[in-house]
Amino acid sequence: MNELIYRLSNVSYSYGAACAVEDFSLSISGGETVAVLGSNGSGKTTLLKMLNGLLFPTDGAIEFSGAPLKEEALTGEFRRCFRERVGYVFPESDVQLFCPTVFDELAFGPLQLQMPDDEVRGRVSSLMEMLGIEALKARPPYTLSTGEKKKVAIASVLSINPDVLLLDEPTDGLDPRSQVWLFEVLQGLRELKKTIIISTHDLSLAEDLTERSVVIDESHHKAADGPTHEILNNRELLLRANMIHEHTHRHGAIVHSHSHGPFSRHDEHDFADKERKRRGD
Amino acid sequence: MAGEVKLPHWFKEPRPGACPISKRLNKDGFVEKTLKNIDSFMKETVFLEKGDASTGILQSVDPRARIAGLFMLMASCAISTNAAFLLFAGLVAFALMKLSGVSAGELGKRVFIPVAFTFVLTLPVFFSLFDSGNEAIDIGGGILPVAITKEGLLTGFVFILRVTVMVSFSALILVTTTHNGLFGGLKGLKIPGFFITALFMTFRYIFILLKLLEDSALARKSRMISPTGFTEARTWFASRLSLLLARSLHTAEAVSGAMESRGFSGVVRTFKAEGLKPRDYVFIWASIFVFLVSVGLGV
């Protein structure tokens, strides 16, 4: 049995009067790949920020590797160890990229953790080579495209070699090729037994990459926690959590409704497929 | 039918015919002009990325030595009241500009605004109306007791010359040093990391906030059907500034979280700087010599 990384017990968080996460309990073990699914404003980002020790519950408790993750406890050796072991990729790359060049950006984390200069240089160079971003080395981050910024943001976190990787909406703004790149990188990290927690409303990413999904509904409560394939087959749950929606469209003369996401197959499409097969197209 | 939206009838009617062609040319309003000017000024003067790419005498010197040396030259001008020395310093700036492959236009556009501003501020010094002295040129025509004084001319000339030379040296730092080199150089000069980080962040996020303001102006333009008045433009500009403030506060908070997340604990740790080369020491010592000459002339 893998080590228990996170234990959340009845965690709540409010921004003033506005509740973001309500009575949330969850356990995550080392090596797990978990998708946190929810619509916009459901509390996914707040949850990830709590897992990264950037926000602290207004109620309830979080444990990291058996130790309480509290504001007053996040200091000294524990803080260093925690920051070394947990990396967080922000949804907005611009806030994460604040160094003069891409190279400096990747070196920032290891340097803050007081690694020797030579080791940092070696680590950054090999990481850039692995991720295919050597050409960006001397570029200032603000001159990069959205996809390049995301790559550098991910690389800047990977340079710490975290055991736990928190990714907040990682596919937002990425073109299809960059999405494939991200998928391959995450697949590689998964094989290394890293714990990966992805907050997303991209159901295909959850389906392709994670074995477990946690759904947050629009009332900020945990609506479900289970194997991803089961969650994605629960149409009613996904509709309730606003993860899929009813959609109207047209096939020639036929106008009909169906839901998006994993339930996008329907009779008319099947009929069209059968027709094509029959005609030998 | 689930999800079907009922469109009002007027929404569906396409407009017939082509759009009439206007005879009046479209011109930017004051808001667009101001934003464009701020944006181009920032991009041209601050966000220079080509600096080290060109080869020249200043580019061949380590950024730390370059910044320290040019600061020393600026300090020597700041304490000097000797017009001959300032002219000599001006010649040094000119020589450095030429030897560093910087064009006069590139340097001139950075120097012009501060010098023009200084000239306006200095203007009263020239006239006997504000400061008495020996008459050099009578401009009152014998009717009014107004003249340009010899003392005023000398004071004004020395002051404007000093500002011109100092701004030229500071502009030389900007045009010969990349963003990275500039901050690395400041770091190497033992300027506290906190100030450098704050300075860097300011430059870094000014760019993002400017982009936001520029996009807001474009969004407004895209929805403007006819020109609006000055009052509306002023109100819009004020509202965008408040948005900018809110956005910058949000960004500052998020950046702080991103730094904290990657191990930042209040002290920015960077690579240890490499040692200086002989030519860097030559440049620094030459600057110190000029500084000492300036001190000697002032005694």
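In order along segment A:168-178, the phi-based Karplus estimate (6.51 cos²θ - 1.76 cosθ + 1.60, θ = phi - 60°) of 3J(HN,Hα) comes to 9, 6, x, 8, 4, x, 8, 6, x, 5, 5 Hz; Gly and Pro are listed as x. Distance between the 7 Å Cα→Cβ label points at B:LYS150 and B:VAL295: 3.4 nm. Applying 1/(1 + (r/R0)^6) with R0 = 30 Å to the Cβ-Cβ distance of B:PHE130 and B:THR34 gives a FRET efficiency near 0.35.
The calculated FRET efficiency for the pair A:ASP175 and B:TYR281, based on their C-beta separation and a Förster distance of 51 Å, comes to about 0.50.
Only DSSP H runs of four or more residues enter the estimate; each adds -39500 (n - 2.57), and after division by the residues of chain A the mean residue ellipticity at 222 nm equals -11000 deg cm²/dmol.
Could you give P(r) for segment B:88-189, binned at 10 Å from zero, as whole percent values over all Cα-Cα pairs? Answer for segment B:88-189: a P(r) of 14, 32, 26, 17, 9, 2, 0 percent. Springs between Cα atoms under 10 Å define the GNM used for chain A, and in it the highest mean-square fluctuation of A:GLY109, A:GLY30, A:GLY66 occurs at A:GLY66.
Structural size metrics of segment B:163-294, computed from C-alpha coordinates, are Rg and Dmax of 21.5, 65 Å. Applying D = kT/(6 pi eta Rh) to segment A:52-147, where Rh is the Kirkwood radius over alpha-carbon pairs, T corresponds to 20 °C and eta to 1.002 mPa s, the Stokes-Einstein value obtained is 139 µm²/s. So if we plug the beta-carbon distance of B:ASP138 and A:ALA18 into 1/(1 + (r/R0)^6) with R0 = 60 Å, what FRET efficiency do we get, rounded to 0.05? Computed FRET efficiency for B:ASP138 and A:ALA18: 0.20. Here the Karplus curve 6.51 cos²θ - 1.76 cosθ + 1.60, taken at θ = phi - 60°, turns the phi angles of segment A:80-92 into couplings of 4, 5, 5, 5, 6, 8, 10, x, 10, 9, 5, x, 9 Hz, with x standing for Gly and Pro. Nearest 5 is fine: what % of DSSP beta bridges in the protein assembly as shown come out antiparallel, could you say? Of those bridges, close to 60 percent are antiparallel. Burial annotation for segment A:104-138: residues with an accessible-area loss of at least 40 Å² between the isolated chain and the complete set of protein chains, computed on heavy atoms with a 1.4 Å probe, are A:PHE108, A:LEU111, A:GLN112, A:ASP117, A:ARG121.
For A:VAL34, nonlocal amide neighbours, meaning residues 5 or more places apart or on other chains whose placed amide H falls under 5 Å from its own, are A:ILE196, A:ILE197, A:ILE198. Are there residues in segment B:147-191 whose accessible area shrinks by at least 40 Å² when all protein chains are included rather than the chain by itself, and which are they (probe 1.4 Å, ligands and nucleic acids not counted)? SASA drop of 40 Å² or more in segment B:147-191: B:ASN180.
Modelled spin-label separation between B:ARG234 and B:ALA18, with each label point placed 7 Å from Cα along the Cα-to-Cβ direction: 4.1 nm.
Its Cα gyration tensor gives chain B an equivalent ellipsoid, and the semi-axes of that ellipsoid, as √(5λ) in whole Å with the largest first, are 47, 34, 18. The gain in end-to-end length when the A:SER9 to A:ASP208 segment is fully stretched comes to 68.8 nm, 0.36 nm per residue minus the alpha carbon separation.
Of B:SER60, B:SER132, B:SER170, the residue with the greatest mean-square motion in the GNM of chain B, using alpha carbon springs below 10 Å, is B:SER132. Extension gain for the segment B:PHE94 to B:VAL267, taken as residue separation times 0.36 nm less the Cα-Cα distance, is 58.3 nm to one decimal. Residues whose amide H lies under 5 Å from that of A:LEU69, counting only those 5 or more places away or on a different chain, are A:ILE62, A:GLU63, A:PHE64; hydrogens are built 1.01 Å from N in the peptide plane.
The solvent-accessible area of A:GLU230, taken with every protein chain present and a 1.4 Å probe, is close to 110 Å². Summed over the residues of segment A:28-88 and divided among them, the accessible surface reaches 35 Å² per residue at a probe radius of 1.4 Å. Scaling the Cα radius of gyration of chain A by the globular reference 2.2 N^0.38 Å produces a ratio of 1.11. Ranking B:TRP10, A:TRP181 from most to least accessible surface, computed with a 1.4 Å probe over the protein chains only, gives B:TRP10, A:TRP181. Taken one residue at a time, the phi angles of segment B:210-216 give Karplus couplings (6.51, -1.76, 1.60, θ = phi - 60°) of 5, 4, 4, 5, 5, 5, 4 Hz. Gly and Pro are set to x. Considered as an equivalent ellipsoid built on the Cα gyration tensor, the protein assembly as shown has semi-axes of 57, 34, 22 Å, the largest given first.
Close amide H contacts of B:LEU129 (hydrogens built in the peptide plane, cut-off under 5 Å, sequence separation of 5 or more or a different chain): B:ALA147.
Label positions at B:PHE157 and B:LEU7, each projected 7 Å from the Cα along the C-beta direction, are separated by 7.6 nm. Leaving out ligands, DNA and RNA, what percent of the accessible area of the protein assembly as shown is carbon and sulfur, probe 1.4 Å? That fraction is 60 percent.
Summing charges over all other residues whose Cβ lies under 10 Å from the Cβ of A:GLY173, with Lys and Arg as +1 and Asp and Glu as -1, gives -2.
The values are calculated or read from the model by the stated rules, or taken from the named source; none is laboratory data. Predicted model only: the values in this text are computed from it and were never measured. Using ideal geometry, Cβ is built from the backbone for each residue, glycine included, and neighbour counts are taken over all protein chains shown. Heavy atoms of the whole protein, side chains included, go into the accessibility calculation; ligands, DNA and RNA do not. Shrake-Rupley method; radii C 1.70, N 1.55, O 1.52, S 1.80 Å.
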